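Take a look at the structure set out below.
The values are calculated or read from the model by the stated rules, or taken from the named source; none is laboratory data. Predicted model, so just to flag it, every value in this text is computed and none were measured. Every residue, glycine among them, receives a Cβ derived from its backbone with ideal geometry; neighbour counts consider all protein chains shown. The area values use the complete protein model at the heavy-atom level, side chains included, leaving out ligands, DNA and RNA. Shrake-Rupley method; radii C 1.70, N 1.55, O 1.52, S 1.80 Å.
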Amino acid sequence: MKQKYLLPVLLLCCILQTHAQTDKTLNWVLPQHEKTSVIINQKSFPVNKYFYAEHLIAPTAAKTLNIEVYSRLGSVANNLFNTTYAPFNLQVKTRKGDLLNKIYMDGTAFVNIQLKNTDTVALIFVADPPANDSIDIAFDYIIADTAALTYSNISYEETFAKMLQMACTGYINMYDNADGLYATIKYPEGLFAIYPAERKRHRNELIQYTGEKLNREPADKNTADWNKKIAAWLKDYNVTDIKKTTKGDIKINSDEEETVYTKKNAQGVQLFRVIVFKETMGEGSWENPRSWRTGVRITN
């Protein structure tokens, strides 16, 4: 009797194990991320004629450390419309040596540092606060893989897979100044399609266009074909949250659509969203009829 039930149980275990193995995100190591702040006033630790505050990071991997910093006077820090920033000195140190020592007179910093090991990293902020005020330094860091500028040596599907895994890193790029936050990397030859693609650091977004200036019929076909392709590429990620939305009016050529594939881990952390879209281009007229653009957007 026991053998009668043993085979179905073993078969069920094999099926469940196979299903679990089809989720590639189970092996992902999420990027290390923290958003916090320090306050420096004349009661802070003194160093020469200045004062400083320290923040320690314990890296779990020797990857790229990306740091964004905004330094403002405490009296205006809560005023989002006040863009007056305060100068500061940022020092990044480990027991094995200094990684950075730089003054930022404009009060903002955007830096990437390649960590060579997992030694504790000390962020040391040095500033000169007024007697009756403070300097509030807001910063966040992320430790993750740096997004390469070219992916010409791998297949479209492999490139797509790399973009999925980097979605929650903000597609870190190797910039060493504040302007890097808003930079856009363009790929004229495309990343996983033959049309141009671009990465937008400040929006944590990648857009791969799959067609431009299309009439409705080819735009609809293109969108349907890419939904099939994306569904196939996502088959090993166990994506179950799929939603399609439409808007606009076919009668006036304003119809648009998007299908969103969302992946979260067991803890509810959103790992990526893949959006296959069809959108209108321009207002349209009798001389210049409205057309459509199609593409795939990956974000977190």
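For the chain, with a Gaussian network of springs between Cα atoms less than 10 Å apart, report the residue from K263, K244, K96 with the top mean-square fluctuation.
K96
So what's the net charge close to N89: Lys and Arg +1, Asp and Glu -1, counting the other residues with Cβ under 14 Å from its Cβ?
-1
Quick one: order H202, H55 from most to least accessible surface, probe 1.4 Å.
Ranked from most to least accessible, the order is H202, H55.
Pick out which of T60, T240, T159 has the largest mean-square fluctuation in a Gaussian network model of the chain, springs linking Cα atoms closer than 10 Å.
Looking only at T60, T240, T159, the largest GNM fluctuation is found for T240.
Using θ = phi - 60° and the Karplus relation 6.51 cos²θ - 1.76 cosθ + 1.60, list the HN-Hα couplings for region 236-251 in order, rounded to whole Hz, with x at every Gly or Pro.
Ordered by residue, 3J(HN,Hα) equals 9, 10, 6, 8, 10, 8, 10, 10, 10, 10, 10, 8, x, 9, 4, 4 Hz.
At a Förster distance of 25 Å, what's the computed FRET efficiency of D225 paired with H202, Cβ-Cβ distance as r, to 0.05?
Efficiency, from the Cβ-Cβ distance: 0.20.
Pull up all non-local amide H partners of A144: gap of 5 or more, or a different chain, and H-to-H distance under 5 Å with H placed in the peptide plane.
T64, N66
Quick check on the chain: helices-only [θ] at 222 nm, where DSSP H runs of length 4 and up contribute -39,500 (n - 2.57) each and the sum goes over total residues. Nearest 500, please.
Calculated from helices alone, the mean residue ellipticity at 222 nm is -5500 deg cm²/dmol.
At a threshold of 8 angstrom on Cα-Cα distance, excluding pairs fewer than six apart, so keeping six or more, what relative contact order does region 91-226 reach in percent?
In percent, rounded to a whole number, it is 19.
Over all directions, what mean area does the Cα convex hull of region 50-157 project, stated in square nanometres?
9.4
Beyond 16 Å, what percent of the Cα pairs of region 112-176 remain?
The answer is 64 percent, as a whole percent.
Quick check for me: using +1 on Lys/Arg Cβ and -1 on Asp/Glu Cβ, what's the dipole size of region 66-196 about its Cα centre, in debye to the nearest 20?
So the dipole magnitude of region 66-196 works out to roughly 260 debye.
Need one value: the accessible area of E158 in square angstrom, 1.4 angstrom probe, rounded to the nearest 10.
Here the accessible area works out near 100 Å².
Could you provide, to the nearest whole Å², the per residue accessible area of region 84-213 with probe 1.4 Å?
Value returned for region 84-213: 47 Å² of accessible area per residue.
Could you work out the percent of alpha carbon pairs in the chain separated by over 29 Å, rounded to a whole number?
Across the chain, Cα pairs with separations above 29 Å total 52 percent.
Among N227, N204, G170, whose Cα sits farthest toward the positive end of the charge dipole of the chain (+1 at Cβ of Lys/Arg, -1 at Cβ of Asp/Glu, about the Cα centre)?
Of the options given, the answer is N227.
Out of residues 5 or more away from I172 or on other chains, whose amide H comes under 5 Å of its own, with H placed 1.01 Å from N in the peptide plane?
Amide H neighbours of I172: A147.
When the Karplus curve 6.51 cos²θ - 1.76 cosθ + 1.60 is applied with θ = phi - 60°, which whole-Hz ³J(HN,Hα) does each residue of region 142-158 get, with x for Gly and Pro?
My calculation for region 142-158 gives 9, 10, 7, 6, 7, 6, 6, 7, 9, 10, 6, 9, 10, 6, 4, 5, 5 Hz in order.
Quick query: amide H of S291 versus all other amide H atoms, modeled in the peptide plane; which residues come in under 5 Å with a sequence gap of 5 or more or a different chain?
Sorted by chain and number, the residues that satisfy this are M281.
Where does the charge balance sit around L115 when Lys and Arg score +1, Asp and Glu -1, over other residues with C-beta under 12 Å from its C-beta?
+1
So what's the net charge close to A232: Lys and Arg +1, Asp and Glu -1, counting the other residues with Cβ under 12 Å from its Cβ?
0
Once phi is turned into θ = phi - 60°, what whole-Hz ³J(HN,Hα) does the Karplus curve with 6.51, -1.76 and 1.60 give for every residue of region 104-109, x standing for Gly and Pro?
For region 104-109, the Karplus curve yields 10, 5, 7, x, 9, 9 Hz.
Could you please state how large a percent of the accessible area of the chain is carbon and sulfur, counting protein chains only and using a 1.4 Å probe?
In the chain, the share of accessible area belonging to carbon and sulfur is 53 percent.
Excluding residues fewer than 8 places away in the same chain, name every one of the aspartates and glutamates whose C-alpha is closer than 18 Å to that of K186.
Within the straight-line cut-off, K186 pairs with E198, E205, E212.
In nm, to one decimal, how far is the modelled label at N27 from the one at D236, with both set 7 Å along Cα→Cβ?
It is 0.8 nm.
Specify the inter-centroid distance of region 99-173 and region 260-275, based on alpha-carbon positions, in whole Å.
Each part's Cα centre sits 23 Å from the other's.
Pairs of Cα atoms under 8 Å, at least six residues apart: use those to get the relative contact order of the chain, whole percent.
16
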